[in-house]
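The values are calculated or read from the model by the stated rules, or taken from the named source; none is laboratory data. A quick note: this is a predicted structure, and the numbers were derived from the prediction, not measured. Every residue, glycine as well, gets a Cβ built from its backbone with ideal geometry; the counts of neighbours run over all protein chains shown.
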Amino acid sequence: MDTSLDHAGWTAVSLVDNLGAVESRPLSSDRPWDRRAVEPTVRAEVIDLVQYQALAAEWSALSHAAEEPNVFIDPVVVAALAQATGARPHVVVAWADGPARVHRLIGAWALISARAALGLPIPILACPFNRLTFLGSPVIAAGQHAAALKAMCAAIADDPRLPKIVCANDVNAEGPLFAALAALAQEGRLRHVLLGRKKRAKLVIAPGDTGYLARSLSSSRRAELRRHRRKLAGLGDLRHVIHRSPEAVAAAFDQFLELEGRGWKGQRANRGMAMTLDPRMARFGRDLVRGLAETGSARIDTLTLDGRPVAMNIHLRSGIAGFGWKMAYDETFRTFSPGALLLETLTNELIDEGALRFVDACNRQEDGIAALFWQDRLDVADMAIDVRGGRRRRSFVLAVAAERAKRSSTRRLKRIWASPLRRQMSRWISARLSRRRKVESDQG
């Protein structure tokens with residue numbers, strides 16, 4: 001059993017790999033192909049990692065044809081996950097079969113085998129994979145959401161070796177995918193339960209919009225940033241460096257790990273989540289960034305002072321979307337807000353480039369530094385899906401109940417951790433330990 005990953009209560013386990021193709025019921029009639037009246041037949045199949053990697057060109061075309069891209073199910077990312085953690089991902093792909101045996105990839109969804117929350121022995125499929133992946137949506141070509149999602153769910157339901165419950169966290173709740181899920185549920189083709197909903201910062205890009213930050217930041221905040229930049233530049237040679245090539249990105253990523261590890265995120269006592277604290281996560285991140293850089297889908301921006309990194313931002317992209325994946329700064333210079341200075345520069349650059357339509361801040365909640373700079377919000381939802389539809393099944397009800405119980409307990413623990421009661425308990429425990437040590441010392 002592989003327990004290398006844990007996200008939202010789902011503990012990853014390995015199931016059967018090398019799954020075969022499963023075709024859904026054709027959405028069009030059996031009449032001969034007619035470009036004017038008949039849609040292509042849509043079918044779906046479950047493939048393994050090797051087969052998915054062979055679809056690199058098709059994936060690239062799909063990601064550029066999608067309204068809701070998801071870089072975290074890129075074949076490069078899925079391969080990095082398997083190599084770093086030993087997980088065996090299952091990838092559901094949807095094809096549109098046209099005339100002359102032309103097959104077009106119109107959907108992809110990478111999932112990992114897992115167990116339900118609270119240790120229940122109920123197998124499920126989960127996406128995103130871990131705490132370094134921030135979107136659980138399938139990628140579907142524009143205009144194909146209903147047909148592709150219907151075929152993909154049918155492929156999972158018809159395969160006897162796959163779990164039938166999908167936990168999809170951080171799913172875009174604003175676009176056609178969410179609407180297609182609701183429509184399929186109304187038709188009785190699947191059941192789904194909303195587990196949570198939240199917003200996070202998003203940068204909507206209008207090319208040439210030079211006044212964006214003037215609208216999103218107050219005049220006093222902009223003045224403060226100018227003062228910080230001027231004072232920091234007074235300490236040495238302040239520069240903005242962009243790393244794009246695979247070699248440069250790989251070297252900069254090692255610098256990022258070191259910078260992140262030196263800060264509070266690198267301290268276990270402060271519940272730090274730095275990648276260096278988990279060698280598997282560090283390897284996953286390294287392979288992910290290097291692999292995406294080889295296709296021009298990753299870059300690292302660095303704010304340097306006399307050549308020394310004081311802030312770094314790892315930016316990923318897929319199709320029309322960007323993803324503000326990770327940020328770190330040198331806490332020695334915290335009074336100058338180097339992270340904010342770098343984000344200000346990066347925001348202006350992304351707007352000037354005009355290559356993307358939006359950038360997802362990749363934050364679990366509506367907070368963080370990006371929320372101060374970016375005025376738009378992305379609505380994301382966590383949900384459990386039973387791809388079999390029809391009647392309510394006990395396994396699905398139990399899995400949903402367990403996940404809700406886990407989330408409720410987590411919220412209560414967070415409130416306690418942030419409350420004065422926690423500080424009182426901490427002082428009480430410290431006093432008890434101190435008295436015990438004194439008694440043991442006197443007895444010795």
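When we screen A82, A94, A114, A87 for residues that are assigned to a strand (DSSP E or B), touching a helix residue (DSSP H, G or I) at 6+ places or on another chain (Cβ under 7 Å) and not charged (D, E, K, R), the only hit is A94.
For the stretch 293-313, does any single residue satisfy the condition of being assigned by TED's automatic domain parsing to the domain that holds L346, part of a helix (DSSP H, G or I) and not basic (K, R)? There is at least one residue in the stretch 293-313 that is assigned by TED's automatic domain parsing to the domain that holds L346, part of a helix (DSSP H, G or I) and not basic (K, R). Across the stretch 65-76, a minimum of one residue is classified as among the acidic types (D, E) and either under 30 Å from M273 (Cα atoms) or free of Cβ contacts under 8 Å to residues at least 40 places away in the same chain (or both). If you filter the stretch 266-285 down to residues that are free of Cβ contacts under 8 Å to residues at least 60 places away in the same chain and part of a helix (DSSP H, G or I), you find that the one that is surrounded by the fewest Cβ atoms within 10 Å (Cβ to Cβ) is A269. Criterion applied to R226, R262 was being more than 30 Å from P75 (Cβ to Cβ) and exposed (fewer than 14 other Cβ atoms within 10 Å of the Cβ), and the one residue passing it is R226.
For A182, the conditions (1) surrounded by fewer than 23 Cβ atoms within 10 Å (Cβ to Cβ); (2) touching a residue at least 12 places away in the same chain (Cβ under 8 Å) are fulfilled apart from (2). Can you name the condition, by its number, that S318 falls short on among (1) buried (at least 23 other Cβ atoms within 10 Å of the Cβ); (2) not assigned by TED's automatic domain parsing to the domain that holds A223? Result: S318 fails condition (2) only.
Residue by residue, here is whether (1) in the same structural domain as M152 (by TED's automatic domain parsing); (2) surrounded by fewer than 24 Cβ atoms within 10 Å (Cβ to Cβ); (3) at pLDDT below 95; (4) not hydroxyl-bearing (S, T, Y) holds:
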{"site": "L62", "(1), (2), (3), (4)": "yes, no, no, yes"}
{"site": "F72", "(1), (2), (3), (4)": "yes, no, no, yes"}
{"site": "L81", "(1), (2), (3), (4)": "yes, no, no, yes"}
{"site": "V91", "(1), (2), (3), (4)": "yes, yes, no, yes"}
{"site": "W95", "(1), (2), (3), (4)": "yes, yes, no, yes"}
{"site": "P99", "(1), (2), (3), (4)": "yes, yes, yes, yes"}
{"site": "I112", "(1), (2), (3), (4)": "yes, no, no, yes"}
{"site": "I124", "(1), (2), (3), (4)": "yes, no, no, yes"}
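Given (1) touching a residue at least 24 places away in the same chain (Cβ under 8 Å); (2) surrounded by 12 or more Cβ atoms within 10 Å (Cβ to Cβ); (3) among the aliphatic types (A, V, I, L, M), identify the lone condition not met by A206. Every condition holds for A206 apart from (2). A single entry from R404, R388, R394, R334 fulfils the requirement of being of a type in the set (D, E, K, R), assigned by TED's automatic domain parsing to the domain that holds P123 and loosely packed, with under 13 Cβ neighbours inside 10 Å: R394. Of the residues making up the stretch 177-202, those that are under 24 Å from the mean Cα position of the chain (by Cα) and of a type in the set (D, E, K, R) are R191, R197, K198, K199, R200, K202.
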